[in-house]
1. Of everything in the range 139-151 that's touching a residue at least 24 places away in the same chain (Cβ under 8 Å) and more than 25 Å from GLU35 (Cβ to Cβ), which residue is farthest from the ligand (Cβ to nearest atom)?
2. Of the numbered conditions (1) touching a residue at least 40 places away in the same chain (Cβ under 8 Å); (2) touching a helix residue (DSSP H, G or I) at 6+ places or on another chain (Cβ under 7 Å), LEU169 satisfies every one except a single condition; which is it?
3. Please find, among VAL55, VAL33, VAL95, VAL107, the residue that is crowded, with 17+ Cβ neighbours inside 10 Å, touching a Lys or Arg at 6+ places or on another chain (Cβ under 7 Å) and touching a residue at least 24 places away in the same chain (Cβ under 8 Å).
4. What number of residues in the range 138-163 are of a type in the set (Gly, Ala, Ser), part of a helix (DSSP H, G or I) and buried (at least 19 other Cβ atoms within 10 Å of the Cβ)?
5. Run GLU159 past the list (1) acidic (Asp, Glu); (2) within 9 Å of the ligand (Cβ to nearest atom); (3) in contact with a strand residue (DSSP E or B) (Cβ under 6 Å, 6 or more places away or on another chain) and report the number of the one that doesn't hold.
6. Give just the number: which of (1) basic (Lys, Arg); (2) in contact (Cβ under 8 Å) with a residue 60 or more places away in the chain; (3) within 8 Å of the ligand (Cβ to nearest atom) does LYS69 not satisfy?
7. Output the residue which, of all residues in the range 87-112 that are near the ligand (Cβ under 10 Å from one of its atoms) and among the hydroxyl-bearing types (Ser, Thr, Tyr), is nearest to the chain's Cα centre (by Cα).
8. Pick from ARG135, ARG115, ARG130: which is surrounded by 21 or more Cβ atoms within 10 Å (Cβ to Cβ) and either away from the ligand (no atom under 15 Å from the Cβ) or at pLDDT 95 or above (or both)?
Amino acid sequence: MVEPSGLREAPSTARPRPSSIKSPAPPLARSGVAERTFIAIKPDGVQRHLVGEIVRRFERKGFKLVGMKLLQASEELLKEHYSELRERPFYGRLVKYMSSGPVVAMVWQGLDVVRMARTMIGETNPAESRPGTIRGDFCIEVGKNVIHGSDSVESAQKEISLWFRPDELTCWEDAAERWIYE
Ligand code: ADP
């Protein structure tokens, strides 16, 4: 029989647990753990076979993947995604770059994930990104900076709903979570 906590009842023949061994913590109910961010591996990241490396970094950090797809983004979608930059001189080049090949669009979830993902990604200009960050390790120029990450919780919500339908996001119980959060 499965207990509400997800733990199996000990068989009656099992020896009693020593009182010093504590039961695992109950499922997490902490606010903030459900924060989500939108991450996209840009066409240069896909062409340079960096998908596995980038996914690995977010996975190993402890974040939970809740949505992922490879797609050729339409110009319409990219213009909407970057609409706040439409007055910038590089806007046309940026839309062309982002539509030059497939991108991997992802949604990652976890405590403070928007801010931490930006730290993992590095500065907009790879030349100013520290080694150890994704842009610091894998690219050189601002116009080919391999990855996008939402810059605030509000933009994340907007970007997630722009790139994903609700049924493309999967809620699942991450068994590692109790070893990642206090
Ligand atoms: P970030 O992606 O770090 O949030 P921005 O939102 O300012 O940065 O810019 C969006 C994207 O536009 C950048 O990631 C980069 O691909 C491109 N970009 C920004 N500045 C320039 C620039 N000066 N020249 C060419 N492309 C740029």
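1. Per the criteria, the residue is CYS139.
2. (2) is the only condition that LEU169 fails.
3. VAL107
4. 1
5. Among (1) acidic (Asp, Glu); (2) within 9 Å of the ligand (Cβ to nearest atom); (3) in contact with a strand residue (DSSP E or B) (Cβ under 6 Å, 6 or more places away or on another chain), GLU159 violates only (2).
6. (3)
7. Going through the qualifying residues, I end up with TYR97.
8. Going through ARG135, ARG115, ARG130 in turn, just one is surrounded by 21 or more Cβ atoms within 10 Å (Cβ to Cβ) and either away from the ligand (no atom under 15 Å from the Cβ) or at pLDDT 95 or above (or both): ARG135.
The values are calculated or read from the model by the stated rules, or taken from the named source; none is laboratory data. Since the model is a prediction, treat every value here as computed from it, not as a measurement. Neighbour counts run over all protein chains shown; Cβ positions are idealised from the backbone, glycine included.
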